[in-house]
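The values are calculated or read from the model by the stated rules, or taken from the named source; none is laboratory data. Here the structure is a predicted model, which means the values were calculated and not measured. Glycine also receives a Cβ, built like all others from the backbone with ideal geometry; neighbour counts cover every protein chain displayed.
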Amino acid sequence: MLRCENLTQSYQSGTGMLTVLQDISFGVAPGEFVAIIGPSGSGKTTLLGLLAGLDRPAAGRVWLDGEELSGMDEDRRAALRGAKVGFVFQAYQLIPTLTALENVQVPLELRGDRDAGRARALLERVGLGDRTGHYPAQLSGGEQQRVALARAFCIKPRILFADEPTGNLDQRTGAGIIDLMTDLNQEAGTTLVLVTHDPELAGRARRILRLADGHLVSDTPS
């Protein structure tokens, strides 16, 4: 489902170049649940962005569902993401002027699908069937993250990328989000790749990739 070879990323810093990732290679099978861990500054979020096609690497290549992202322009990468990729972020990234239902519908409407049935069903699935008309400011952090999960799964993505999905939540709420993500992963067969500092969440994955100083230092079963 996902493969990268010799990924390297660097940025201009002052008068020199700062290398954030160096020579990363691994693959992820369809339906697999992989956690990426490591200390702050190890390159986890940068790696996730490259795998999802949100950024271009300085060197190396990425294949997503058999298609090479590195050779695509931004329009083609955006079309691929819209068709096959879901995202969940630590900061939720809900649109504040839209209701929970409208936020979940956004990816569907970008496809020209205005049927609210699937969005309502997913909000029911994440326990928010009675909050469809509420705006993000009227929802708790855990509720907002559940809306973000419903939005991510509404297009039935082949792969879901999540960046610290429990980072802003208390332990109990975070545990509920972990349960939802793993349930949806298993029910839909969606490949799941996430970045986390949460040992409980990492422990639910089938594999753990550990980064340190921009290098992949271990790739082990959970």
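For region 162-210, a residue qualifies if it is among the small types (Gly, Ala, Ser), within 16 Å of THR45 (Cα to Cα) and in contact with a Leu (Cβ under 8 Å, 6 or more places away or on another chain), and exactly one does: ALA162. Could you tell me whether any residue of region 158-171 is small (Gly, Ala, Ser), farther than 30 Å from SER10 by Cβ and at pLDDT below 85? No, there is no match, as no residue in region 158-171 is small (Gly, Ala, Ser), farther than 30 Å from SER10 by Cβ and at pLDDT below 85. Residues in region 113-167 that are among the small types (Gly, Ala, Ser), over 14 Å from the mean Cα position of the chain (by Cα) and either part of a helix (DSSP H, G or I) or surrounded by 23 or more Cβ atoms within 10 Å (Cβ to Cβ) (or both): GLY117, ALA119, ALA121, ALA137, GLY141, GLY142. Kindly indicate the residue of region 56-78 that is assigned to a helix (DSSP H, G or I) and within 18 Å of the chain's Cα centre (by Cα) and also surrounded by the fewest Cβ atoms within 10 Å (Cβ to Cβ) among those meeting that condition. Out of the qualifying residues, it is ALA78. Residues in region 89-112 that are modelled with pLDDT of 85 or more, assigned to a loop (DSSP other than H, G, I, E, B) and surrounded by fewer than 17 Cβ atoms within 10 Å (Cβ to Cβ): GLN93, ILE95, PRO96, THR97, LEU98. Residues in region 152-188 that are under 15 Å from SER140 (Cβ atoms) and among the hydroxyl-bearing types (Ser, Thr, Tyr): THR166, THR173.
If you go through region 144-180 and keep only what is polar (S, T, N, Q) and without any contact (Cβ under 8 Å) to a residue 12 or more places away in the chain, you end up with just GLN171. Taken as a whole, the structure leaves ALA100 outside the set of residues that are among the small types (Gly, Ala, Ser) and under 29 Å from LEU50 (Cβ atoms). For ASN185, are the conditions met, namely being part of a loop (DSSP other than H, G, I, E, B) and at pLDDT below 85? Taking the combined requirement at face value, the residue does not satisfy it. Going by the structure shown, is LEU69 of a type outside the set (Lys, Arg), without any contact (Cβ under 8 Å) to a residue 24 or more places away in the chain and in contact with a strand residue (DSSP E or B) (Cβ under 9 Å, 6 or more places away or on another chain)? Taking the combined requirement at face value, the residue satisfies it.
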